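Encoded as structure tokens, the structure appears first; notes follow it.
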Amino acid sequence: MNIYQHFRDEILSIVDELASQNVIPAGMDTGRITVEPPREAGHGDMATNAAMVLSKAAGMKPRDLAAVLSERLNTIQWVHETEIAGPGFINLRLESPYWHQRLEEILQNGTAFGDSTLGRGETVNVEYVSANPTGPLHVAHARGAVVGDVLASLLEKAGYAVTREYYVNDAGAQVDILARSAYLRYREALGEKIKEIPKGLYPGEYLIPVGEALAEKYGDQWLGADEEAWLADIRSFAAILMMDEVREDLKSLGIDFDVFSSEKTLVEKGAVEGVLEQLEKMDLIYTGVLEPPKGKIPDDWEPRPQTLFRASQFGDEVDRALKKSDGTWTYFATDMAYHLDKFQRGFKSMINVWGADHGGYVKRMKAAVGAVTGGEGELDVKICQMVHLKKGGEALRMSKRAGTFVTLSDLIGEVGRDVVRFMMLTRKNDSQMEFDLDKALEQSRDNPVFYVHYAHARCRSVLRNAATEWGDDTISPSALAAADLSLLTDPSELDLIKVMAAWPRMVENAAEAHEPHRIAYYLNELATLFHALWNKGNDDARLRFIITGEPALTIARLALVQGVATVIVSGLQVIGVSPVEEL
């Protein structure tokens, strides 16, 4: 249960009741009413802006309306007291038994605690990674992969029907470069000495096995042949092998896609012509000449008539070209067709996770989606900024195998899958990230991965010790469910429950904002409070979790510990990280 939404509903009921009694006007807009944690914990358990957002429509001063609302709020079950603060905020303090019930709810629901019906089964397409099949995935891909995958899991927990999709860019010039690079390695596999990789081709050693596979499949069939003869076959062969490697890399990161869509297939079935025909009927395509690009004008730029999309009618700065000078489609044209294809498959809501170099592409794609879907489709783009790797205080050198970058498999080999997944969420996606490999493995409070794992391991240690000293029945679900939770009275214990009780709200808010990093932040906050309570128990024996001679209090505190472990596991499941039993 989202406790903040529950009390918001209570406030809305009070507003309706006051309107029915002619205390305030009926039909006021209540959409901006919020119930949230107060900015400072000392101000109470919850705060609402209801009086301030309704005062003008009610014809009352905010504090006067707050007084009327507070009087009614004080009659609601579990409200201990209210306080009017500042210009008209209302702070609420809730009775301790309310928080004890929330812990009971956690124990009853297990890791399903936090599951929400917010999405009401709405279909959402989350497209991420979508790297060109021209080489192994690298560290920047890893960030987008984690952000996209965790966002998909978060939306599922919030009640959405999510499809994870990878768009294979297998029809552009980059795949032709892949084919030429693979052909070079094919010649090498057949005994030709390759001294230096020509500029413009991919230099990585990852293409050596591709060349060997080509030699095994085709023998010397293509040796010395014109490019026109072998380009299509080798392009297809190499792209398939590269995608096999991409799938293996993703699997090692714990990622499985529901759909792999092919740009090549899309183009071959005439989807681009189809979307352009649709836009032409809507008078959204014309022949025109674009202004020169801002800044330094390229040497090869020249004003020429082009097929243009009226992107500026949909919020873009300028109209956009749909054909290149050689008559082939631009990436933008095929991307328009691809997003129309998504929409036609039933996805009105689309989320794309892109790399830092795609920031300038967002407005035009939002314009395109608005146009091709008649305004029914919605596209949200999450840009993932660069990741800078450090080891030993220095920037990590590139991978010899990749040639120009550090691969995802290299990174996982250094720190492990779970560390990669968690660390990629320790900064918001649109912020630059420094990934220090040494700190990622450090067992200290400064390492959020370790700190959260350590909190769960400590929980499990307490429960194992209790079973050893008091018997397995002590920590059984039935025993913990029957615990007298009213014995949990210390402010530190109640504060811990309050943070756990906020988990459903965290899930819903993070899902609505499309911000999966909030989950990692929340888990770190919960771990911090638990470690603080642990340390208090070291200083004050009365606050220890297991107290000889006080079985009722011990079982209540074991229920608290189990609650913490449960919420941590629930959060880690969203992130795709396995909890550890001991460290």
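What to note about this one:
- Residues (in contact (Cβ under 8 Å) with a residue 60 or more places away in the chain and not in a helix (DSSP H, G or I)) located in region 69-91: Ile76
- Counting the residues of region 241-289 that are in contact (Cβ under 8 Å) with a residue 40 or more places away in the chain and not acidic (Asp, Glu) gives 25.
- The residue list Gly204, Gly211 contains one member that is in contact with an Asp or Glu (Cβ under 6 Å, 6 or more places away or on another chain) and surrounded by 12 or more Cβ atoms within 10 Å (Cβ to Cβ), which is Gly211.
- Within region 462-474, the presence of at least one residue that is polar (S, T, N, Q) and either surrounded by fewer than 17 Cβ atoms within 10 Å (Cβ to Cβ) or touching a strand residue (DSSP E or B) at 6+ places or on another chain (Cβ under 7 Å) (or both) is confirmed.
- Enumeration of residues in region 105-120 that are more than 12 Å from Gly571 (Cα to Cα), in contact with a Ser or Thr (Cβ under 7 Å, 6 or more places away or on another chain) and small (Gly, Ala, Ser): none
- Enumeration of residues in region 404-444 that are among the hydroxyl-bearing types (Ser, Thr, Tyr) and either part of a helix (DSSP H, G or I) or touching a residue at least 24 places away in the same chain (Cβ under 8 Å) (or both): Thr404, Thr407, Ser409, Thr426, Ser431
- Considering only residues in region 39-62 that are under 16 Å from Ile84 (Cα atoms) and surrounded by fewer than 18 Cβ atoms within 10 Å (Cβ to Cβ), the one that is modelled with the highest pLDDT turns out to be Lys61.
- Scanning region 502-513 for residues that are more than 24 Å from Phe450 (Cα to Cα) and in contact with a helix residue (DSSP H, G or I) (Cβ under 6 Å, 6 or more places away or on another chain) returns Arg505, Ala511.
- All of (1) of a type in the set (Asp, Glu); (2) closer than 30 Å to Trp78 by Cβ; (3) assigned to a helix (DSSP H, G or I) hold for Asp115 with one exception: (3).
- When residues of region 382-401 are limited to those that are among the charged types (D, E, K, R) and not in a loop (DSSP other than H, G, I, E, B), the one nearest to Gly144 (Cα to Cα): Lys382
- Some residue of region 159-175 being at pLDDT 95 or above and at positive phi: yes
- Among the residues of region 525-558, the one identified as hydroxyl-bearing (Ser, Thr, Tyr) and over 14 Å from Trp470 (Cα atoms) is Thr528.
- For region 129-151, filtering for residues that are in contact with a strand residue (DSSP E or B) (Cβ under 8 Å, 6 or more places away or on another chain), over 26 Å from Gly346 (Cβ atoms) and either of a type outside the set (Lys, Arg) or assigned to a strand (DSSP E or B) (or both) leaves 8.
- Test: residue in region 364-381 that is under 20 Å from Ala140 (Cα atoms) and outside any helix (DSSP H, G or I): yes
- Leading residue by the ranking (modelled with the lowest pLDDT) among those in region 475-491 that are assigned to a helix (DSSP H, G or I) and surrounded by 15 or more Cβ atoms within 10 Å (Cβ to Cβ): Ala479
- Filtered residues of region 283-315 (kept if at pLDDT 95 or above and of a type in the set (Asp, Glu)): Asp283
- When region 340-372 is filtered for residues that are surrounded by 16 or more Cβ atoms within 10 Å (Cβ to Cβ) and among the acidic types (Asp, Glu), only Asp341 remains.
- Among the residues of region 324-339, the ones that are surrounded by fewer than 23 Cβ atoms within 10 Å (Cβ to Cβ) and of a type in the set (A, V, I, L, M, F, W, C) come to 2 in all.
- For region 289-323, a residue qualifies if it is surrounded by 13 or more Cβ atoms within 10 Å (Cβ to Cβ), more than 14 Å from Arg364 (Cβ to Cβ) and not hydroxyl-bearing (Ser, Thr, Tyr), and the qualifying residues are Gln306, Lys323.
- Among the residues of region 108-128, some residue qualifies, meaning at least one is under 27 Å from Gly346 (Cβ atoms), of a type in the set (A, V, I, L, M) and surrounded by 20 or more Cβ atoms within 10 Å (Cβ to Cβ).
- Just one of the listed residues (Ala66, Ala26, Ala51, Ala19) is without any contact (Cβ under 8 Å) to a residue 60 or more places away in the chain, more than 30 Å from Asp495 (Cβ to Cβ) and assigned to a helix (DSSP H, G or I), namely Ala19.
- Residues of region 131-176 satisfying the condition of being of a type in the set (Asp, Glu) and touching a residue at least 60 places away in the same chain (Cβ under 8 Å): Asp149, Glu165, Asp170
The values are calculated or read from the model by the stated rules, or taken from the named source; none is laboratory data. Only a predicted model underlies this, so the values are computations on that prediction, with no experimental measurement involved. Every residue, glycine among them, receives a Cβ derived from its backbone with ideal geometry; neighbour counts consider all protein chains shown.
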